[in-house]
1. Mind checking the angle between helix 210-241 and the chain's longest principal axis? C-alpha axes, 0 to 90 degrees, to the nearest 10.
2. State, to one decimal in nm, how far the label point of VAL193 lies from the label point of VAL158, with both points 7 Å from Cα in the Cβ direction.
3. Under the 0.36 nm per residue contour assumption, what length would be gained going from the current alpha-carbon distance of GLN277 and GLU389 to full extension?
4. Once both axes come from the Cα atoms, what is the angle between helix 98-108 and the longest principal axis of the chain, in degrees from 0 to 90, rounded to 10?
5. Based only on other Cβ atoms within 10 Å, what is the fewest-to-most ordering of ASP46, ASP100?
6. For the chain, state what percent of all Cα-Cα pairs lands in each successive 10 Å bin, counting from 0 Å until the bin that includes the largest distance.
7. Taking neighbour Cβ counts within 10 Å as the exposure measure, how do PHE45, PHE339 sort from fewest upward?
8. What does the extension gain come out to for SER14 and LYS78, with contour length at 0.36 nm per residue minus their alpha carbon separation?
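What follows draws every value from the coordinates through simple rules; no lab data is involved. The model shown is predicted, which means the values in this text are computed figures rather than measured ones. Positions of Cβ are generated from backbone atoms using ideal geometry, with glycine treated the same way; all protein chains shown enter the neighbour counts.
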Amino acid sequence: MNEELLKMLNAINSKKEEAKKLVMEDKIEEAKTAKDELIKLQNKFDIAKDLFDQQEKSKDEEIKNKVKKLTVEDEEKKGHNAFVNVFTAGVLKKAVNEEDVKIYNQMTEADPTEGVSDGGLTVPQDIRTQVKELRRSLDALEPFINVEPVTTLSGSRVIEVNADQVPFDNVDEAAQFPDVDTPKFKNISYKVVKKGGILKVTRELLQDSAENILSYLTNWIGKKARVTRNFLILNELDSSFGGDKTKTLNNFDSFKDIFNVVLDPSIAISSSVLTNQDGFNWLDKQKDSDGKYILQPNPVNATQKLLFGRYPVAVVSNKVLKSAVEGAPEAPTGYKYPFYMGDLKEAITIFDRESLSIEFSNEAGDLWGKDLTGAKVRERLDIKTIDTEAVVKGEVSVTV
């Protein structure tokens, strides 16, 4: 109890004694007045005490939260240090500390002996989450498509074709439900495959702090995973929607034809445009007959442009999505700028096993002579086109 509350409590006790004394002296009216004052003092004290208790409770909660946060951060740091220690021991072919193995296995929910004796290990969940965030940054195409986590190495999905063309019929009260036209289905099978690469680890890296080693690993894996997914997505887009299916875009009416006619209205309503720097630069310079630029800022996202005021335009680097070269590469006569229009999330799905593993070897190739160790990083995924009518690829030809 603070000093202010103690003063109020003393005032209450004094007022009680005063009221008792007035009663004993048969001064009833004065005693009533003292009682009323006592009630006011008591009410004031109760309110002040409640506010004080709430304030103290908030302070206690704040302290508890700080302690809890420090505990979580400490446990996370221990886990990351354990992972780095197991990783370093695997690279150097050294014995692993039992406490580190225990913490590492708790992070990965792995078998206590799995992947430790031979220097391999599973990347823990929270570090995989960091990798996922990194691979979705910068010029990542993954956010534009559908990603479905899977727990099996293979499987299938049954998709109804043109379901909106097989409507339900009217059914009268208590009447027999009629048969409906048999819908058409297609089976989408997936089989995740290993994707990976080798990180050449130096002795100098292993002598660094656990924090720096972990940062280096997650950044390297995140970058390679992003490049891998970009490559797979662009290959799938080109094989499913490119080639002979590619539309020539002569003018802006060609763009409107695709959104108004070629794409189904249910797809067009959620569609966007994916292009590279060349394509965006070309679009951004186009004006209508009144001299106004065709692309307009999105009123709810100032960093984004809209085509025809409806379709968001996403831009990736020319290094990721290349423009086709017309003529000889050393002396091009023109370029074809790519535009993917439609709902890419409806079109393509990555079936992601969401697992990462690392193995080590210093015996492959020229690693031994250069005092390097190879860290082989693996992940498992597959990519499939789900709806072959959800995206249209177009090209704008520009002469040099």
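1. With both axes taken from Cα atoms, the answer is about 50 degrees.
2. Calculated label separation equals 2.8 nm.
3. 37.8 nm
4. That helix lies at roughly 70 degrees to the long axis.
5. ASP46, ASP100
6. That works out to 4, 15, 17, 15, 14, 12, 8, 6, 5, 3, 1, 0, in percent per bin.
7. PHE45, PHE339
8. Full extension of this stretch gives 17.2 nm more.
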